[in-house]
1. In the range 33-51, which residues are in a helix (DSSP H, G or I), among the β-branched types (Val, Ile, Thr) and surrounded by 20 or more Cβ atoms within 10 Å (Cβ to Cβ)?
2. For the range 90-109, what are the residues that are of a type outside the set (D, E, K, R) and assigned to a strand (DSSP E or B)?
3. Is it fair to say ILE119 is among the hydrophobic types (A, V, I, L, M, F, W, C) and more than 27 Å from ALA281 (Cα to Cα)?
4. From THR326, THR376, grab the single residue that is touching a residue at least 40 places away in the same chain (Cβ under 8 Å), outside any strand (DSSP E or B) and buried (at least 22 other Cβ atoms within 10 Å of the Cβ).
5. Looking at the range 110-131 only, could you name the residues that are part of a loop (DSSP other than H, G, I, E, B) and farther than 19 Å from ASN69 by Cβ?
6. Given the conditions (1) in contact with a Lys or Arg (Cβ under 7 Å, 6 or more places away or on another chain); (2) within 21 Å of LEU117 (Cα to Cα); (3) surrounded by 15 or more Cβ atoms within 10 Å (Cβ to Cβ), which single one is not true for ASP28?
7. What pairs can you find where one residue is in the range 189-201 and within 14 Å of LEU386 (Cα to Cα), the other is among the β-branched types (Val, Ile, Thr) and part of a helix (DSSP H, G or I), and their Cβ atoms are less than 9 Å apart, with a gap of 6+ or different chains?
8. Sort out which residues of the range 167-188 are in contact (Cβ under 8 Å) with a residue 24 or more places away in the chain, surrounded by 13 or more Cβ atoms within 10 Å (Cβ to Cβ) and not hydrophobic (A, V, I, L, M, F, W, C), and write them in order of number.
Amino acid sequence: MDFLVQHHHFLLESATESLYRRLSEQIDWNERLICIKGFRGVGKTTFLLDHIRQNYKSDKSALYINLNNLYFTRRRIFSFADEFSKLGGKVLFLDQVNKFPGWPAELRKCYEEIPGLRIVFTTSPVSKVREGNPELNGMVKLYHLEGLSFREFLNYRTGEHFPVLGFEEVLRDHVSLAQAIVAKVKPLAWFGDYLNHGFYPYFIDKGDFFTDSLLKNINLALEIDIPYINQVDLKYLPNLKKLLYIIASDTPFAPNVSRLSSAIQTSRATVMNYLQYLKDARLIQLLYSNGDEDQMKKPVKVFLNNTNLLHAIAPDRATNASLRQTFFLNQAGMMHHVKYLSEGEFLVDGEHPFVVGGRKAEPANGGFCAADMIETGEGNKIPLWLFGFLY
């Protein structure tokens, strides 16, 4: 265990830029079993280490370990956790728990037999933590670490500390809110950068290699995470990749399941399963018009999860319209329920219709408009970028 403790301190002392994530405020850190899901490269490891630095520093009662370490090919999680607890440990941070075979049973045993120990663990977004996992049913508190909001990106780039805005607050007071922000920074000067490379935090240290890093993580999700969890035979991986590219090339995509099944040479049922796998992996978003989100029902539109994916997978197909709609859906959809109405129109929380368009776009039928390339709005016409302040 000593070498793991030494590595823990080495990581804490390493000079890294801290990136504040609002999720840290939303987690009840007193829960005994906490899961943090997130896409590869979204910042789960940094998130854990920042929390330890801020709350435990050199306190020996907390320990970070990565289960990708080969040491855990011959050591069980429960055995390690039990020893750590007996040596005074109180909080164990387990990174990449999905790398350990049989991890649900191990965590359950820790929960039942080591009552004085709290465990925080990270895993892939496709991992079955509560649904379909009776081992942890009713025990684990689940959270998702998403990519950066435009607000978080802007705060990092400018050194400002803009707070989160409520959705109803934006609808009601968007003029004064936008004016207060524009008085300090020029959000439109940063908006294009965010759409291109601001969602995933490794833009901080990857720089010019951001797209290469994102494509690598997309492929790892497709080649490892999805097949391992969903038991997809590796010979079908080209079909899964082709489906993602077809969607990216025509976002927002109106799925014709029969044509898709022909294009990737598989059954209609498999196409529907693949769409759900990609959604669970945080690669796409499925939109419905009637609120029926049964995974066996066909969505009316399919979007990529965020604009960075669109720029990376199909940059030649990243139109202004697709980027605007993907941004709005991604940012508003993090905290609110969004349904599809018609081309460029969405319904938020079942009561707020939105047109999403350029600077000349206008609200329709008493609804709202999220307009690109305007600093401030008027009436029911709201700057598109302001919806990046919702989380």
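Computed from the coordinates by the stated procedures, all read-outs in this text should not be read as laboratory data. All values derive from a computational prediction rather than experimental measurement. Note that we place each Cβ from the backbone using ideal geometry, even for glycine, and neighbour counts take in every protein chain shown.
1. To start, the set of residues in the range 33-51 that are in a helix (DSSP H, G or I) comprises 44-51.
Next, only the ones that are among the β-branched types (Val, Ile, Thr) stay: 45-46.
Answer for the range 33-51, where residues must be in a helix (DSSP H, G or I), among the β-branched types (Val, Ile, Thr) and surrounded by 20 or more Cβ atoms within 10 Å (Cβ to Cβ): there is none.
2. Selection gives VAL91, LEU92, PHE93, LEU94.
3. Working: among the hydrophobic types (A, V, I, L, M, F, W, C): yes; more than 27 Å from ALA281 (Cα to Cα): no.
For ILE119, the condition - among the hydrophobic types (A, V, I, L, M, F, W, C) and more than 27 Å from ALA281 (Cα to Cα) - is not met.
4. Values: THR376 fails: buried (at least 22 other Cβ atoms within 10 Å of the Cβ).
Testing whether each residue is touching a residue at least 40 places away in the same chain (Cβ under 8 Å), outside any strand (DSSP E or B) and buried (at least 22 other Cβ atoms within 10 Å of the Cβ) leaves just THR326.
5. Keep residues of the range 110-131 that are part of a loop (DSSP other than H, G, I, E, B), which gives 114-117, 124-131.
Residues satisfying the conditions are ILE114, PRO115, GLY116, LEU117, PRO125, VAL126, LYS128, VAL129, ARG130, GLU131.
6. (3)
7. TRP190/THR158; TYR194/THR307; LEU195/THR307; LEU195/THR326
8. If the condition is that a residue be in contact (Cβ under 8 Å) with a residue 24 or more places away in the chain, surrounded by 13 or more Cβ atoms within 10 Å (Cβ to Cβ) and not hydrophobic (A, V, I, L, M, F, W, C), then HIS174, PRO187 are the ones that fit.
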